[in-house]
Amino acid sequence: MAKQSWFFYNRLYFSDAFYNKQLFESQAIDEWDIRPDDIVVVTYPKSGTYWMLKAVSSLKTDLNLILPQTERSVRIDMLYEDDTHLSGSYAERVKAVKKFFHEMPSPRLLYFHLPPQFLPRKWIEGEKKCKVICVSRNPKDVCVSEYLFQKTLGEHGMDFTWDEWVIAFMEGKVRFGSWLENVVGWNRYGLKDNVLHVRFEDMKKDLRSVLATVADFLDCPKTKEELDNVTERCTFTSMRKGQEFYQKYSPFGDGNSSCSEKRHLRKGQVGDWKNHFTVAQNELFDAEITQRAEQHGLKFVYDTSNE
Ligand code: A3P
């Protein structure tokens, strides 16, 4: 994908390759089909979205994860995308989400990549409040993971060198906008709003206890054996071996190709950023992103070697 131009809307940059401002302005988001029994996994991309979708759908097996018309999971922020600018199977998926989202049977498992100001207020604050699981990950690993993911998309990916990408990520001029705006926005909500926060690095450190917390939050208690079983199915090795989860449900899954392994389950590590950032990039990133996140009370784990 060639370099793009951007517009600013509701505190975020959007690329005109996917969005147009009029479409945002004309959206009656309070009319979106929202249901109190929806469960929404909220992430900035590359923070463990599919890991959590896999976990939730393994813990609570009565959920509907796919839109029957597309056989793919539903990323709600697709409702904002401009399918007239898009092409191929991705455009078809966006069209189908817009057309059939309200027909999807309950209880639904959905996901969302934007900050909270892009969801209907009553979904997280009002009487229709549903359960939200917000997964976050340290921004340096997110930055690396998304860069390498974009590279696997070939002509559909964003055309940046690594040096350009780090700057664009810090400025929020990337596919889903500012990481900081996203995590700071979601951090305003907590358990009183039905929002559970989970960190990628905690899932890496002790997946079983994170899954126990998620099961509690979803009111679906598990026996010790059941929890052991779900934990085993959600390890990096099992998910890589299985792979069918990505191939079936991801926007880029094609049902059989091994490229979904490279795309989605690349390394699954904490601290891989050290293999990519230069010393100068790291210092700049700390000043622009890490320290600003800390000023908002957000602490992330960047390295597990000392734990
Ligand atoms: P890497 O690119 O660093 O490997 P998302 O689903 O939000 O796009 O996130 C993708 C990232 O989560 C990838 O990171 C992927 O490897 C990691 N991931 C997915 N499932 C995982 C698992 N079971 N264990 C560890 N990491 C996992």
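The values are calculated or read from the model by the stated rules, or taken from the named source; none is laboratory data. Fair warning: this is a prediction, and the values are worked out from it, not measured in the lab. Because the Cβ atoms are built from the backbone with ideal geometry, glycine has one as well, and the counts that use them run over all protein chains shown. Keep in mind that these areas ignore ligands, DNA and RNA; they rest on the heavy atoms of the full protein, side chains included. Shrake-Rupley method; radii C 1.70, N 1.55, O 1.52, S 1.80 Å.
Could you grab me the full set of residues in segment 123-173 that are within 16 Å of the ligand (Cβ to nearest atom) and open to solvent by 40 Å² or more (accessible area, probe 1.4 Å)?
Leu148, Lys151, Thr152, His156
Name the residue that is least open to solvent (accessible area, probe 1.4 Å), counting only residues in segment 178-208 that are in contact with a helix residue (DSSP H, G or I) (Cβ under 8 Å, 6 or more places away or on another chain), farther than 20 Å from His113 by Cβ and not hydrophobic (A, V, I, L, M, F, W, C).
Across segment 178-208, the extreme among qualifying residues is Asp202.
Look through Phe18, Phe24 and report the one residue that is more than 21 Å from Phe149 (Cα to Cα), more than 16 Å from the ligand (Cβ to nearest atom), at pLDDT below 95 and of a type in the set (Phe, Trp, Tyr).
Phe24
Being touching a residue at least 12 places away in the same chain (Cβ under 8 Å) and out of contact with any helix residue (DSSP H, G or I) (no Cβ under 6 Å at 6 or more places or on another chain) is the filter here; which residues of segment 2-11 pass it?
Ala2, Lys3, Gln4, Trp6
If I filter segment 87-102 for residues that are open to solvent by 10 Å² or more (accessible area, probe 1.4 Å), in contact with a helix residue (DSSP H, G or I) (Cβ under 6 Å, 6 or more places away or on another chain), assigned to a loop (DSSP other than H, G, I, E, B) and farther than 28 Å from Lys222 by Cα, do I get at least one hit?
Within segment 87-102 (the criterion being open to solvent by 10 Å² or more (accessible area, probe 1.4 Å), in contact with a helix residue (DSSP H, G or I) (Cβ under 6 Å, 6 or more places away or on another chain), assigned to a loop (DSSP other than H, G, I, E, B) and farther than 28 Å from Lys222 by Cα), the answer is no, since none of the residues qualifies.
Quick check on segment 61-76: of everything there that is buried (at least 18 other Cβ atoms within 10 Å of the Cβ) and under 28 Å from Asp219 (Cβ atoms), which residue is nearest to the chain's Cα centre (by Cα)?
Arg75
Any idea which of (1) open to solvent by 20 Å² or more (accessible area, probe 1.4 Å); (2) within 14 Å of the ligand (Cβ to nearest atom); (3) in contact with a strand residue (DSSP E or B) (Cβ under 8 Å, 6 or more places away or on another chain) is the one Lys46 doesn't satisfy?
Only one criterion is unmet by Lys46, namely (3).
Pick from segment 1-40 the residues that are of a type outside the set (A, V, I, L, M) and touching a Pro at 6+ places or on another chain (Cβ under 9 Å): which of them is least open to solvent (accessible area, probe 1.4 Å)?
Per the stated criteria, the residue is Asp38.
Only residues in segment 181-198 that are of a type in the set (Asp, Glu) count as the first member; pair them with residues that are open to solvent by less than 20 Å² (accessible area, probe 1.4 Å), Cβ under 9 angstrom, at least 6 apart or cross-chain, and list the lot.
What qualifies is Glu181/Leu12; Glu181/Pro115; Glu181/Gly172; Asp193/Ile124; Asp193/Val132.
Residues that are within 23 Å of Leu265 (Cβ to Cβ): list the helices (runs of 4 or more DSSP H) wholly contained in segment 109-217 that include at least 2 such residues.
Fully inside segment 109-217 and qualifying: 139-152, 162-171, 179-187, 200-205, 207-217.
What are the pairs with Cβ atoms under 9 angstrom where one residue, in segment 133-162, is closer than 15 Å to Asn275 by Cα and the other, located anywhere, is in a strand (DSSP E or B) and within 11 Å of the ligand (Cβ to nearest atom)? Sequence gap at least six, or different chains.
That search, which allows pairs on different chains as well, returns Val142/Ser136.
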